[in-house]
Amino acid sequence: MNTFHLDPHSDSRESLITAALACFAKYGYDATSIRLIASMAGKNSSLISYYFGGKEGLYREVFKHLLTRFTSGPVDSWTPGPEETAAGPEGGRSRLRLLIRRILIEVEAHFHALDPLKDAAARLFLSEIHAPKDEVKDLLRERIEPSVRELRACIRAIRPDLSNSDTDFWGITIQGSCIGHALRSEINRLIWTCSEPRPPLEEMTDRLTDFVYHGLIHV
């Protein structure tokens, strides 16, 4: 596991956020106390109330920090060009491939980052995807909604006859496939004993796109 060291002369607010990220990821929200965070940061615990209004406010700021520091946001800022918005199944397939590739790029960027807190950030992010807390639900929704809208558009271009519930099912399936293959490679190799290391980006993109596209066409 990667380790990190806090600069005793760093900004108090930044130090508390960094220490809280490590603590929340390791011990969980309920088992992490204000005193523990302050001790790890080397700061007075009263500063947590001063800067964040309490533990709940600090957790929200930690998650904002996580989304800014550990994700590059290519999916959120991307608008497909005319060649990706062509009508029909093939146009939808091309658009879907670009979206899947961009999701994988974002995950790959995290894996190759040298940030010592990247493992803690991944654990905390995955725990929120599994069981989001009220304090950060709006942040998760804001982060994920752009890719969800694009996924729906891709699926409808390929299969305009699908109901809304079926479209959502396929969107969730695509998201889960991308995260499962890219973000959980270590556990995949542990459980699936013949699993190879993550294939190159383009190969993984093609595999996932083909799997989803053919599934949609023949469903």
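Every number in this text was worked out from the coordinates using simple rules, so none of it is lab data. In this text the structure is predicted, and so the values were computed from the model without any measurement. In this analysis, Cβ positions are derived from the backbone assuming ideal geometry, glycine residues included, and neighbour counts consider all displayed protein chains.
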Short version: ³J(HN,Hα) in whole Hz for each residue of segment 19-28, in order, from phi by Karplus 6.51 cos²θ - 1.76 cosθ + 1.60 (θ = phi - 60°), x for Gly and Pro, what are they? 5, 5, 4, 5, 5, 4, 5, 7, 10, x
Can you give the extra length, in nm with one decimal, that the chain gains between residue 14 and residue 44 once fully stretched, where that is 0.36 nm per residue apart less the Cα-Cα distance? 9.5 nm
Peptide ranges 165-172, 15-22, 88-95 listed from the most packed, as the mean C-beta count within 10 angstrom indicates: 15-22, 88-95, 165-172
Relative contact order %, segment 12-68, counting alpha carbon pairs below 8 Å whose residues are six or more apart: 39 percent
I need the peptides 209-216, 126-133 ranked by packing, meaning the mean over residues of other C-beta atoms within 10 angstrom, with the highest value on top. 209-216, 126-133
Extended-chain gain in nm, criterion 0.36 nm per residue less alpha-carbon gap, residue 64 and residue 90: 5.6 nm
Rounded to the nearest 0.05, what FRET efficiency is calculated for residue 115 and residue 139 with R0 set to 25 Å and r the Cβ-Cβ distance? 0.80
Zone reached by a paramagnetic label modelled 7 Å from residue 131 Cα along Cα→Cβ, restricted to segment 22-59 with backbone N below 17 Å, covers 24-33
